[in-house]
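Visitor: First the structure, which I've put down as structure tokens, then a few questions once you've had a look.
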Amino acid sequence: MDRKSQTAVLVTGGAGYIGAHTAKALHERGFLPVVFDNLSSGFREAVRWGPLVHGDLRDRAALGEALSAYDIKAVIHFAGLIEVGRSTVQPDLFWDINVAGTISLLAAMREKGVDRLVFSSSAAVYGQGQRSVQEALAEEADKAPDSPYGATKLAAEWLIAAQCKAYGLTAVALRYFNASGADPSGLIGEAHEPETHLLPLAIAAALGDGKPLTIFGQDFQTPDGTCLRDYIHVSDLAAAHVAALDVDLPAGAFEAINVGTGEGRSVSQVVAAVGKAVGSPVPHSIGDRRAGDPPSLVADPTRARQVLGWTPRCSSLEQIVEDALRWERNPRYGAGRRDPAKRAKADASA
Ligand code: UDP
């Protein structure tokens, strides 16, 4: 399709994991995804479906230029820091990038008259609070983030909601549960440096090209003592973003919507599923709890169905593990993070 006739959408953080999958989904729906990314954690190779604008979220002028240069009609905002553990030791950096970065983006959008936003939020806004581990989370649940990361996502939501009211912006915040899996094409997948997420670490351990996995705590008040999470296939998440762009909302509306399956899986269940798919068990040990980890985060996905008309299509644990394994066996980028020899070589030449 001729690029000029396509509706352009700015995807901040579009070189990252969920951003790249969403860029692909946008392309498949006829949009032009314009990726804005400083490549601090994203990968140039993940930007395949539209142009890359190399820039930092806190650089308002650069954002303004990108918004004008491509006649952007809407923004999907992923850029930010995501590691829960790191946020407990560098909270100031998280507030700067995740909150001040969002202030900068909103200002640039307002200046250029772009009035539609989809924001990458997180189930981490809830925290465990007084909730029992059996309870699925509806959007109205108490917000008591267990980590500075979750606090920055909640603060950014509040900021966006206020801007909607004040300036007529229309926004949807998607509160993701655990993004996982990879595009079935094998072209894009999960690649964080350093990798902190359960599924890639468990697969790397099972394939023998990573360290043995440490399970962070087996003494939670959950059925098998390990944490419960709601694992959602990244392609399903990407589809939710495209649906959120299209949803018919009045000017000034702000909606926060959970994106999960409604099914909780324990760390031990994930580890067992990986062992089964790989054909050899995941070498692991039991360690201490990780700071900021609530025992259970499981979505009530009712509102996503009602407002977005969205339901997950490929989020069975088996499908997620199969797609993640295909990617981890043949990652197109970011492989150095798992191989100590490659890592040392890359570090030496940096
Ligand atoms: N986890 C673990 N070992 C690891 C990484 C993660 O036991 O090396 C656990 C973690 O405590 C959490 C679950 O796996 O209960 C999912 O963690 P992840 O970092 O993948 O996502 P999060 O839930 O923090 O967004």
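Visitor: Within the bounds of the range 278-288, is there any residue that is surrounded by fewer than 18 Cβ atoms within 10 Å (Cβ to Cβ), modelled with pLDDT of 95 or more, among the charged types (D, E, K, R) and touching a Gly at 6+ places or on another chain (Cβ under 8 Å)?
Guide: Yes, because at least one residue in the range 278-288 is surrounded by fewer than 18 Cβ atoms within 10 Å (Cβ to Cβ), modelled with pLDDT of 95 or more, among the charged types (D, E, K, R) and touching a Gly at 6+ places or on another chain (Cβ under 8 Å).
Visitor: Have a look at THR152, THR196 and point out the one that is within 18 Å of the chain's Cα centre (by Cα) and at pLDDT below 95.
Guide: THR196
Visitor: Restricting attention to the range 144-162, which residues are under 20 Å from VAL118 (Cβ atoms) and either acidic (Asp, Glu) or part of a loop (DSSP other than H, G, I, E, B) (or both)?
Guide: GLU157
Visitor: Then there's this: Every residue in the range 163-190 that is of a type outside the set (Phe, Trp, Tyr) and assigned to a strand (DSSP E or B), please.
Guide: Those that are of a type outside the set (Phe, Trp, Tyr) and assigned to a strand (DSSP E or B): THR170, ALA171, VAL172, ALA173, LEU174, ARG175, ASN178, ALA179, SER180.
Visitor: A follow-up question, please. Determine whether the range 45-54 contains at least one residue that is in contact (Cβ under 8 Å) with a residue 40 or more places away in the chain and within 20 Å of THR170 (Cα to Cα).
Guide: So far as the range 45-54 goes, no, none of its residues is in contact (Cβ under 8 Å) with a residue 40 or more places away in the chain and within 20 Å of THR170 (Cα to Cα).
Visitor: Identify the single condition in (1) touching a residue at least 12 places away in the same chain (Cβ under 8 Å); (2) more than 16 Å from the ligand (Cβ to nearest atom); (3) closer than 22 Å to LEU169 by Cα that GLY113 does not satisfy, given that it satisfies every other one.
Guide: Every condition holds for GLY113 apart from (1).
Visitor: Still on this structure, please answer the following. Show me the strands (runs of 3 or more DSSP E) entirely contained within the range 1-111 in which 1 or more residues are under 16 Å from the mean Cα position of the chain (by Cα) and closer than 24 Å to LYS153 by Cα.
Guide: Those strands (runs of 3 or more DSSP E) span 8-12, 32-37, 72-77.
Visitor: Just the residues that are more than 13 Å from the ligand (Cβ to nearest atom) and surrounded by fewer than 19 Cβ atoms within 10 Å (Cβ to Cβ), please, taken from the range 118-138.
Guide: GLY129, GLN130, ARG131, SER132, GLN134, GLU135, ALA138
The values are calculated or read from the model by the stated rules, or taken from the named source; none is laboratory data. Since the model is a prediction, treat every value here as computed from it, not as a measurement. A quick note on method: Cβ atoms are made from the backbone with ideal geometry, for glycine too, and the neighbour counts reach across all protein chains shown.
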